[in-house]
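Chemist: Next up is a structure, given as structure tokens.
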Amino acid sequence: MNEKIVAALDLGSSTTKFLIAEISDGEPLIIGVGEAHSKGINKGIIVDLDKATGSIMEAKQQAENMSGKKVSSVAVTVSGTHIHSVNNKGTVIISREGREITSDDVRRAEESAKVIMLQPNQEIIHVLPRQFIIDGQGGIRNAVGMSGIKLEEEVHIVTGSATVLQNIRKCVRNAELSVDKFVLQSVASSFSALKEEEKELGVTLIDIGGGTADIIAFSEGNISFTEVFPMAGEYLTKDLASILRISIVEAERVKKQYGYVGMDSEEEDSGGEISLAGLGGSRNVKVSKDQIAAIIQDRVDEIFENIRFELTKLGYWSNMSAGVVLTGGTANLKGIDKRASEILEVPVRVGYPGDDGGTVDMLKSPEYSAVTGLVKYMATLNSSRRGAGVNLKWFSWLKDILG
Ligand SMILES: Nc1ncnc2c1ncn2[C@@H]1O[C@H](COP(=O)(O)OP(=O)(O)O)[C@@H](O)[C@H]1O
Ligand SMILES: [Mg+2]
């Protein structure tokens, strides 16, 4: 039996999550879980090296204590508006007669596909294969062994600010770890919150956390685009705080405890007044739950209207037979799926990690999609590197050119 330990770090704007997993014959078993309030990290960017290092250390130590294992390297999620992505295509000529395509030809196609004009100070994070096209025939996942004259490879390239990535590396190093690999947060989430069938049919995943909404769309099993929107749960909290004149901490509590969207007051959860702690020890504030819901709904609507507008403008809002899957902590908000469906005009479901039964119970909540997905990503990468026959479908997909 092949056994290996992997560690995954999700640098969320709200929570820093750390998992340690044992990969046994390509299947991950989570043995350590750690979590810390994110400090010094804002919308995917390190704003305070020491504080961010502290959060990583805290989460890491919890996971190490639980698992009884020490880890020296970790895969890390990345997010933020410094990230750009583009689809590109590489072309190579095999031969006039159309001989068999070798792995060397595929490598040449990949080399050609990854030639893009990088924006200043951008670093490549992923070159994810989308499909091969042989003599104009598309939809091919693995080209090796097939015959053809012209081989094309379509890829999805993700880049991020070299400075932002360098600062993350620094914090991770200060926490006595090295970065195994950077993985786009939405790519990580897609590994745990989406089903294969949905990716084939066409689906958009929106991981809506604290600071960012991380979006990834698949059609015919291939990634069609990725996007990061800088608006998510914190936006709801801040608005509640400023309108109700309460602290951020109180607003966060109220949002989680009483927040809902789109339900009418007949529902048992709504209606009634609650008393909130006023700012700086001032008198308590009395508000109705409906009032809280109305504030939250305005912001939720704004977020989804923005997402819809942007994606329509980019020409991506089509080809989604399986609709939208919402995940991330804000997907816990009552009624958000129904409201998102009304605005986006597609079916919406909430995506949980471990829908396939593989995840420990305490992680079966939408905010853990990214970190558990990251563990699955690493397990898949690991088994495909070793050539084990697990998750073969993802093999070519995952074989990132830059490793
Ligand atoms: N029950 C809930 N209702 C509304 N929002 C929630 C609920 N549970 C968590 N959240 C929100 O989810 C966000 C955290 O989600 P998470 O995916 O962990 O974010 P991040 O990855 O950015 O750290 C916070 O903004 C939090 O307020
Ligand atoms: Mg997140």
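Chemist: Please compute, for the alpha-carbon atoms of the stretch 1-145, the extent along each of the three principal axes and give them in descending order in Å.
Modeler: 61, 45, 22
Chemist: Could you work out the relative contact order of the stretch 80-155, using alpha carbon pairs under 8 angstrom and six or more residues apart, expressed as a whole percent?
Modeler: On the way: 129 pairs, mean separation 34.2, N = 76.
It rounds to 45 percent for the stretch 80-155.
Chemist: Can you tell me the 0 to 90 degree angle between the C-alpha axis of helix 162-174 and the longest principal axis of the chain, rounded to 10?
Modeler: Computed tilt is about 70 degrees.
Chemist: Moving on. Determine the gain in length on full extension of the stretch SER73-GLU123; use 0.36 nm per residue of separation and subtract their C-alpha separation, reporting nm with one decimal.
Modeler: Working: separation 50, 0.36 × 50 = 18.00 nm, distance 2.05 nm.
Computed gain between SER73 and GLU123 is 16.0 nm.
Chemist: Taking the Cα centre of the stretch 1-103 as the origin and placing charges on Cβ (Lys, Arg +1; Asp, Glu -1), which of SER13, ILE101, VAL47 is farthest toward the positive end of the dipole?
Modeler: Of SER13, ILE101, VAL47, it is VAL47.
Chemist: Also, I was wondering about something else. Enter the per residue convex hull volume of the stretch 72-170, computed from alpha-carbon coordinates, in Å³ rounded to the nearest integer.
Modeler: On the way: hull volume 11.6 nm³, N = 99.
Enclosed volume per residue, from the Cα hull, is 117 Å³.
Chemist: Would you work out which of GLN185, ILE56, SER79 lies farthest towards the positive end of the dipole of the chain, given +1 charges on the beta-carbon of Lys and Arg and -1 on that of Asp and Glu, about the Cα centre?
Modeler: About the Cα centre, the residue reaching furthest to the positive side is ILE56.
Chemist: Can you return the lysines within cross-link range of LYS89? Criterion is Cα-Cα under 27 Å, with same-chain partners fewer than 8 residues away left out.
Modeler: Correct list for LYS89: LYS114, LYS150, LYS181, LYS195, LYS199, LYS313, LYS393, LYS399.
Chemist: Another one. Is any residue of the stretch 109-131 close enough, with backbone N under 16 Å, to a label point placed 7 angstrom from the Cα of ALA162 along the Cα-Cβ axis, and if so, which?
Modeler: 116-126
Chemist: In nm, give the distance between the simple-model label positions of GLU200 and VAL144, each being 7 Å from the Cα along the Cα-to-Cβ direction.
Modeler: So the two model labels end up 2.4 nm from each other.
Chemist: Neighbour counts of other C-beta atoms within 10 Å: give me VAL86, VAL127 arranged from fewest to most.
Modeler: Least to most surrounded, the residues fall as VAL86, VAL127.
Chemist: Checking the a/c ratio against 1.5 first, then a/b against b/c, what shape does the Cα gyration tensor give for the chain?
Modeler: Details: a/c = 2.05, a/b = 1.56, b/c = 1.32.
Verdict is prolate for the chain.
Chemist: Report the FRET efficiency, 1/(1 + (r/R0)^6), for SER103 and ASP298, where r is their Cβ-Cβ distance and R0 is 35 Å, rounded to 0.05.
Modeler: Calculated value: 0.05.
Chemist: How would you rank ASP361, ASP337, ASP214, ASP48, going from fewest to most other Cβ atoms within 10 Å of each one's own Cβ? If you can, show how the numbers build up before the last one.
Modeler: Values: ASP361 7, ASP337 20, ASP214 31, ASP48 14.
If I rank by nearby Cβ atoms, fewest first, I get ASP361, ASP48, ASP337, ASP214.
Chemist: Moving to a separate point now. With the Cα gyration tensor of the stretch 84-241 giving a ≥ b ≥ c as the square roots of its eigenvalues, does the rule (a/c under 1.5 for rounded; else a/b larger than b/c for prolate; else oblate) give rounded, prolate or oblate?
Modeler: prolate
Chemist: Ranked by Cβ crowding within 10 angstrom, fewest neighbours first, how are SER369, SER383, SER242 ordered?
Modeler: Numbers: SER369 36, SER383 24, SER242 12.
The fewest-first ordering by Cβ neighbours comes to SER242, SER383, SER369.
Chemist: If I stretch the segment between SER321 and ILE243 completely, what's the gain in nm (0.36 nm per residue apart, minus their alpha carbon distance), one decimal?
Modeler: Working: separation 78, 0.36 × 78 = 28.08 nm, distance 3.88 nm.
Gain on stretching SER321 to ILE243: 24.2 nm.
Chemist: Let me ask something additional. Taking 8 Å as the Cα distance limit and 6 or more residues as the minimum spacing, I'd like the relative contact order of the chain as a percentage. Don't skip to the answer; put the middle values down first.
Modeler: Working: 923 pairs, mean separation 71.4, N = 403.
Answer for the chain is 18 percent.
Chemist: Once all Cα-Cα distances of the stretch 195-350 are split into 5 Å bins that start at 0, what whole-number percent is in each one?
Modeler: Once binned at 5 Å, the Cα pair distances of the stretch 195-350 give 2, 9, 18, 20, 17, 12, 9, 6, 4, 2, 1, 0.
Chemist: Would you mind computing, in nm to one decimal, how far apart the modelled labels at GLN137 and ASP25 are, each placed 7 Å from Cα along Cα→Cβ?
Modeler: In this crude spin-label approximation the distance works out to 3.6 nm.
Chemist: If R₀ is 22 angstrom, what is the calculated FRET efficiency for the pair ASN65 and LYS256, using the beta carbon separation as r and rounding to 0.05? Kindly include the intermediate steps, with their values, before the conclusion.
Modeler: On the way: r = 27 Å, r/R0 = 1.23.
E(calc), rounded to 0.05, equals 0.25.
Chemist: Now, a different point. Relative to the longest principal axis of the C-alpha atoms of the chain, give the angle of the C-alpha long axis of helix 248-258, reported between 0 and 90° and rounded to the nearest 10°.
Modeler: In the chain, helix 248-258 runs at an angle near 90 degrees to the longest axis.
Chemist: Can you give the angle from 0 to 90° between the axis of helix 49-67 and the longest principal axis of the chain, with both taken from C-alpha atoms, to the nearest 10?
Modeler: So the helix axis and the longest Cα principal axis differ by about 80 degrees.
Chemist: Follow-up. How far, in nm, would the chain grow between THR312 and LYS286 when pulled straight, counting 0.36 nm per residue and subtracting the alpha carbon separation?
Modeler: Values: separation 26, 0.36 × 26 = 9.36 nm, distance 4.07 nm.
The THR312-LYS286 span can extend by a further 5.3 nm.
Chemist: May I ask for the net charge around VAL115, where only other residues with Cβ less than 13 Å from the Cβ of VAL115 are counted and Lys, Arg are +1 while Asp, Glu are -1?
Modeler: In short, 0.
All of the numbers you see were taken from the coordinates with simple rules; none came from a lab. Treat the numbers as computed from the prediction; the structure is a model and nothing was measured. Virtual Cβ from ideal backbone geometry, glycine too; neighbours counted across all protein chains shown.
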